[in-house]
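Report on one structure; see the data block that follows.
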Amino acid sequence: MFLSQWASTQFAPPYALQVDDIDPRGVPAHIGVVMDGNGRWAQKRGLARTDGHAAGEEALFDTVEGALELGVKWLTVYAFSTENWKRPPDEVRYLMRFNEGMLLRRRDELNERGVRIRFLGRRDWRVPRRLIRRMDEALELTAKNRTMTLTIAFNYGGRAEIVDAVKSLVESGVSARQVDEKAIRAHMYHADMPDPDLVVRTSGEYRISNFLLWELAYSELVFTPVLWPDFRREHLFDAVREFQHRDRRFGGLEA
Ligand code: FPP
């Protein structure tokens, strides 16, 4: 069965899907997304940067729908970095509230879709207690779901994750001789999460900005000029098409 037939029986999207050319066997198991460009989208329209974040919510949930249609098992989105505390205090406050509200608004529909919600990042004193409560509620509500895992990287930094893994490894009492890639991986925030096959960054910036540094060693990277609030599942499908044309060798030779 073609993906489009499968998708239309499952979700009946409001338009004809153009995914016949996507090979269902070659859909990335794990896609990471750097949701960038909300501020520029708002500025272009004479709006406040925070309005751009608000508009990004629809982009995020259309992307989630698109990932479900494709049968993606893991979707990880970068929602707040360990460096984003440097943004103006009003914007940081807004983002804390916004994420809290988004979890409340969306957790039931995600749960009904079989999505497991998880978080990646440091739960330090700067993350408001109320937001942590919402995170725990979403975790608990969706813990048994397995259709797709939506991991929200929040107060996340790739370097911080490696530092925390090394700390935890040292605390576990291993000797230097026992330290290898497997041991480090076992101490990352979610040891069961597969590495991303594909990472998409929006808004025309060609950088990683501390996202999943350890995990993306062999990920395919796709950069698009689309600003995050304008991103929709069609753009995700385009990224997957591009992914399917890439030749992944993992350091070896072509098969
Ligand atoms: C990295 O760029 C991008 C992020 C950490 C994503 C930030 C996204 C938001 C704040 C909005 C989230 C939106 C929704 C809908 C949840 P950077 O700006 O941290 O790094 P750079 O300075 O290298 O570009």
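The values are calculated or read from the model by the stated rules, or taken from the named source; none is laboratory data. No experiment lies behind these values; they were computed from the predicted model shown. Here Cβ is always computed from backbone atoms with ideal geometry, including for glycine, and neighbour counts include all displayed protein chains.
I'd like to verify a number: residues in the range 38-52 that are closer than 30 Å to ILE22 by Cβ and either buried (at least 21 other Cβ atoms within 10 Å of the Cβ) or in contact with a strand residue (DSSP E or B) (Cβ under 7 Å, 6 or more places away or on another chain) (or both), how many?
Of the residues in that region, 3 qualify.
Residue check: is VAL115 buried (at least 18 other Cβ atoms within 10 Å of the Cβ), near the ligand (Cβ under 10 Å from one of its atoms) and not polar (S, T, N, Q)?
no
Name the single residue, out of those in the range 95-108 being within 8 Å of the ligand (Cβ to nearest atom) and among the aliphatic types (A, V, I, L, M), that is nearest to PHE211 (Cα to Cα).
Checked the range 95-108; the qualifying residue nearest to PHE211 (Cα to Cα) is LEU95.
Write out, first by first residue and then by second, each pair whose Cβ atoms fall under 8 Å of each other, whose residues are 6+ apart or on separate chains, and whose first residue, in the range 75-94, is modelled with pLDDT of 95 or more and near the ligand (Cβ under 10 Å from one of its atoms) while the second is among the β-branched types (Val, Ile, Thr) and in a helix (DSSP H, G or I).
Pairs found: VAL77/THR63; ASN84/VAL92; GLU91/THR50; TYR94/THR50.
From the list GLU57, GLU69, which one is touching a residue at least 12 places away in the same chain (Cβ under 8 Å) and either surrounded by fewer than 18 Cβ atoms within 10 Å (Cβ to Cβ) or within 20 Å of SER209 (Cβ to Cβ) (or both)?
GLU57
Please pick out the residue among LEU169, LEU131 that is over 18 Å from the mean Cα position of the chain (by Cα), aliphatic (A, V, I, L, M), surrounded by 15 or more Cβ atoms within 10 Å (Cβ to Cβ) and farther than 24 Å from PHE61 by Cβ.
Answer to the selection: LEU169.
Of all residues in the range 144-163 being under 16 Å from ARG126 (Cβ atoms) and of a type in the set (A, V, I, L, M, F, W, C), which is farthest from the ligand (Cβ to nearest atom)?
Checking each candidate, the answer is ALA160.
Looking only at the range 224-255, which residues are within 16 Å of the ligand (Cβ to nearest atom) and either at pLDDT below 95 or in contact with a Ser or Thr (Cβ under 8 Å, 6 or more places away or on another chain) (or both)?
Within the range 224-255, THR224, PRO225, VAL226, LEU227, TRP228, PHE231, ARG232, ARG233, HIS235, LEU236 qualify.
Note down all Cβ pairs under 9 Å where the first residue falls in the range 148-173 and is under 30 Å from ARG107 (Cβ atoms), the second is at pLDDT below 95, and they're at least six residues apart or on different chains.
These pairs meet every condition: ASN155/ASP124.
Filter the range 18-48 for residues that are part of a helix (DSSP H, G or I), more than 9 Å from the ligand (Cβ to nearest atom) and not small (Gly, Ala, Ser) and give the result.
Scanning the range 18-48 gives PRO24, ARG25, ARG40, TRP41, GLN43, LYS44.
Please pick out the residue among VAL222, VAL174 that is within 25 Å of GLY56 (Cα to Cα) and among the β-branched types (Val, Ile, Thr).
Just one listed residue meets the conditions, VAL222.
What's the total number of residues in the range 195-214 that are buried (at least 17 other Cβ atoms within 10 Å of the Cβ), within 12 Å of the ligand (Cβ to nearest atom) and either assigned to a loop (DSSP other than H, G, I, E, B) or on the phi > 0 side of the Ramachandran plot (or both)?
Total satisfying the criteria: 6.
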